[in-house]
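What follows is one structure encoded as structure tokens, with my remarks underneath.
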2 protein chains.
Amino acid sequence: MPSELALPPLSLNTATVREQWNLAQMIEACARHGIPGISPWRDKLAELGADRAAAMIRDHGLTVTGLCRGGMFPALDAAGRRAAIDDNLRAIDDAATIGARCLVLVCGGLPAGSRDLAGARAMVHDGIATILEHAREAGMPLAIEPLHPMYAADRCCINTLAQALDLCDAIDAEGVAPRADGQPAALGVAVDAYHVWWDPNLDAGLARAGAHRLLAYHICDWLVETRDLLLDRGMLGDGVIDLAALGQRVRGAGYSGFDEVEILSRHWWSQDPDTVLSTICERHLGCVGKPLL
Amino acid sequence: MPSELALPPLSLNTATVREQWNLAQMIEACARHGIPGISPWRDKLAELGADRAAAMIRDHGLTVTGLCRGGMFPALDAAGRRAAIDDNLRAIDDAATIGARCLVLVCGGLPAGSRDLAGARAMVHDGIATILEHAREAGMPLAIEPLHPMYAADRCCINTLAQALDLCDAIDAEGVAPRADGQPAALGVAVDAYHVWWDPNLDAGLARAGAHRLLAYHICDWLVETRDLLLDRGMLGDGVIDLAALGQRVRGAGYSGFDEVEILSRHWWSQDPDTVLSTICERHLGCVGKPLL
């Protein structure tokens, strides 16, 4: 592994400035700031329309590193689970329309009132298994995003990289081995620094995933103190994650894509969005371009 | 595994009513409420004095299910790490004075300003290895408590049961197998429902630990929504943890001790402490005595 690294390309996850800008403004801002990638959330995509968004993203020369998000499979009854499937099929089509590299799956937590975590996890398995064929036909890789264990109840019951990879191997057996054509597996993972930085088994998971299942890499920072479980994520460099070393570990395992910046933060949502983007570019160079002192 | 369970004995962790009562008041309250166990924190023990506390606990017929807490090993320099060792040696002596079943170790997070999680974990290993002989001589089992991954930075870099057991096996090789005399291992774990309920590998860890390394079992509940990372833990039954099933899993792995209730909660600290204890007793029966509907 090299001790220094060429700076990977940046991508802007639209959650980062979701309170300030619409998708059209974000696309223009990425071009203005020299950020070559973008990863829309579906609410922003729906406002602009997938076809218009696709044209505008293409015109600005941006790579779509992902569409956020499918998933949310568990539901109390069969009708609820069916509605989730239908929504995921639409998300796959939207992701294909904008040429996304993957559809990110935030898999869902416990249905309201349930304490059956194993049952929710089984519903996630079944949901992904149900949509995978449509994803294959659309040529759209699905990226399971393991979320931090503090979201197990309300957002995602897939909480470690190893658990996500167990799902991948169970549902997409042919993706266990790399494809001969070098293309990504139909089912893989999105690794987010915020969600996995603590994991003592992370390197084993990254090696197991390999280039073909490592479909996206998201970055932000873990603040000490963290004042809100969801909306207090940190700007690169403001927290305790060694993003330089983590990036090298992810790339050492074969990932060669973008560094997608996703910061859910009331603080950064209250700032001038151009300042947010320029701060991201500076900090990315400072934190990832070379090790922090 | 039986489908119903005799209700395990309760223990009161003093953090649960720490804002309302001193240790003497807690000891009397446990006797008054028919709670047969108590687990003091060291601040409360220091106020009363270990000798006086030991006598008072004995006079009230309570079992000391643990002393909270040793640990906090990582520090930026050798002097800081030495101070932590010295403090842990005193904690072992205090635990022996009050006849605690174990000294709970909350191992510590990143030293201030550090991003070196692997380094902090190595300091935890070295710290426990340094104090284990003194613990053996005092006949005081050390219980590593894996804390929820959301505390990895600021409180404890040991974040899964498997990771805690890896430490146990590395430092206390003779404790891998059960002792012929049925006594607990010199080094084991404290399993807290709040910290481990999300873990997809929990059952494997419980089975691996076995009766001799399962030194304590703490319970409270995970609230949806959780409004504070530290001080918004839930009363039994108010959250999403299936405490009935989890208790059976822990006991199925060989644990035969107390259910120690530890609730760090601004809400419950603002309530009448006798109401808190009577609520705990009711809810323990409702949640653990039989499966919740």
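The values are calculated or read from the model by the stated rules, or taken from the named source; none is laboratory data. These figures come from a predicted structure and were not determined experimentally. Quick reminder, even Gly has a Cβ in these numbers, built from the backbone with ideal geometry, and neighbours come from all protein chains shown.
Being at negative phi, within 14 Å of another protein chain (Cβ to nearest Cβ) and not charged (D, E, K, R): is that true of B:L206 here? Taking the combined requirement at face value, the residue does not satisfy it. Considering region B:136-164, and only residues there that are more than 30 Å from A:D221 (Cβ to Cβ) and not small (G, A, S), the residue that is nearest to the other protein chains (Cβ to nearest Cβ) turns out to be B:L142. Restricting B:R42, B:R69, B:R90, B:R82 to residues that are among the basic types (K, R), surrounded by 20 or more Cβ atoms within 10 Å (Cβ to Cβ) and modelled with pLDDT of 95 or more narrows the list to B:R69. Could you go through region A:176-197 and let me know if any residue there is β-branched (V, I, T) and within 14 Å of another protein chain (Cβ to nearest Cβ). Checked region A:176-197: at least one residue is β-branched (V, I, T) and within 14 Å of another protein chain (Cβ to nearest Cβ).
Of these, A:L89, A:L167, A:L76, A:L105, which one is in contact with a Lys or Arg (Cβ under 8 Å, 6 or more places away or on another chain) and either closer than 26 Å to B:M150 by Cβ or among the aliphatic types (A, V, I, L, M) (or both)? Please lay out each step first, then the result.
Values: A:L89 fails: in contact with a Lys or Arg (Cβ under 8 Å, 6 or more places away or on another chain); A:L167 fails: in contact with a Lys or Arg (Cβ under 8 Å, 6 or more places away or on another chain); A:L76 fails: in contact with a Lys or Arg (Cβ under 8 Å, 6 or more places away or on another chain).
Every option except A:L105 fails the conditions.
The criterion of being within 30 Å of A:S265 (Cα to Cα) and either in contact with a helix residue (DSSP H, G or I) (Cβ under 7 Å, 6 or more places away or on another chain) or not charged (D, E, K, R) (or both) does not hold for A:L132. crowded, with 20+ Cβ neighbours inside 10 Å, assigned to a loop (DSSP other than H, G, I, E, B), more than 14 Å from the chain's Cα centre (by Cα) and of a type in the set (K, R): is that true of B:R101 in this structure? Considered against the rule, which asks whether it is crowded, with 20+ Cβ neighbours inside 10 Å, assigned to a loop (DSSP other than H, G, I, E, B), more than 14 Å from the chain's Cα centre (by Cα) and of a type in the set (K, R), B:R101 comes out as no.
Count of region B:46-66 residues, restricted to those that are touching an Asp or Glu at 6+ places or on another chain (Cβ under 6 Å) and either β-branched (V, I, T) or crowded, with 23+ Cβ neighbours inside 10 Å (or both), is 1.
Return yes when A:E282 is at pLDDT 95 or above, crowded, with 20+ Cβ neighbours inside 10 Å, away from chain B (no Cβ under 12 Å) and not in a loop (DSSP other than H, G, I, E, B) and no when it is not. Give the derivation first.
Values: at pLDDT 95 or above: yes; crowded, with 20+ Cβ neighbours inside 10 Å: no; away from chain B (no Cβ under 12 Å): yes; not in a loop (DSSP other than H, G, I, E, B): yes.
Here the answer is no, as A:E282 does not meet what is asked.
What single numbered condition from (1) at pLDDT below 95; (2) part of a loop (DSSP other than H, G, I, E, B); (3) not polar (S, T, N, Q) fails to hold for A:C287? For A:C287, the exception is condition (2). Listed by first and then second residue, the pairs with beta-carbon distance under 8 Å, at least 6 apart or on different chains, first residue in region A:69-84 and of a type outside the set (K, R), second surrounded by fewer than 13 Cβ atoms within 10 Å (Cβ to Cβ), are A:L76/A:A112; A:L76/A:G113.
Which ones in region A:104-135 are among the acidic types (D, E), more than 14 Å from chain B (Cβ to nearest Cβ) and either in contact (Cβ under 8 Å) with a residue 12 or more places away in the chain or not in a helix (DSSP H, G or I) (or both)?
Listed by number, the list holds a single entry, A:D126.
Of all residues in region A:234-293, exactly one satisfies the criterion of being in contact with a Cys (Cβ under 7 Å, 6 or more places away or on another chain) and farther than 14 Å from A:H218 by Cα, namely A:G237. Restricting attention to region B:250-278, the residues that are touching a Gly at 6+ places or on another chain (Cβ under 8 Å) and surrounded by fewer than 22 Cβ atoms within 10 Å (Cβ to Cβ) add up to 2.
Out of B:V224, B:V191, one residue alone is within 30 Å of A:G113 (Cβ to Cβ) and buried (at least 21 other Cβ atoms within 10 Å of the Cβ). It is B:V191. Of note, A:A95 does not satisfy the criterion of being in a helix (DSSP H, G or I), in contact (Cβ under 8 Å) with a residue 12 or more places away in the chain and out of contact with any helix residue (DSSP H, G or I) (no Cβ under 9 Å at 6 or more places or on another chain).
Out of A:T160, A:T130, report the one residue that is among the β-branched types (V, I, T) and over 29 Å from B:L161 (Cβ atoms). Give the derivation first.
On the way: A:T160 fails: over 29 Å from B:L161 (Cβ atoms).
None of the other options fit; the residue is A:T130.
Of all the strands (runs of 3 or more DSSP E) wholly in region A:141-236, which have at least 3 residues that are among the polar types (S, T, N, Q) and either touching a helix residue (DSSP H, G or I) at 6+ places or on another chain (Cβ under 6 Å) or more than 20 Å from A:D259 (Cα to Cα) (or both)? Write out each step before concluding.
Values: elements: A:142-144, A:187-192, A:214-219.
Where strands (runs of 3 or more DSSP E) fall fully within region A:141-236, none carries at least 3 residues being among the polar types (S, T, N, Q) and either touching a helix residue (DSSP H, G or I) at 6+ places or on another chain (Cβ under 6 Å) or more than 20 Å from A:D259 (Cα to Cα) (or both).
One residue alone among A:G239, A:G247 is more than 10 Å from chain B (Cβ to nearest Cβ), surrounded by 15 or more Cβ atoms within 10 Å (Cβ to Cβ) and either under 16 Å from the mean Cα position of the chain (by Cα) or not in a helix (DSSP H, G or I) (or both), and that residue is A:G247.
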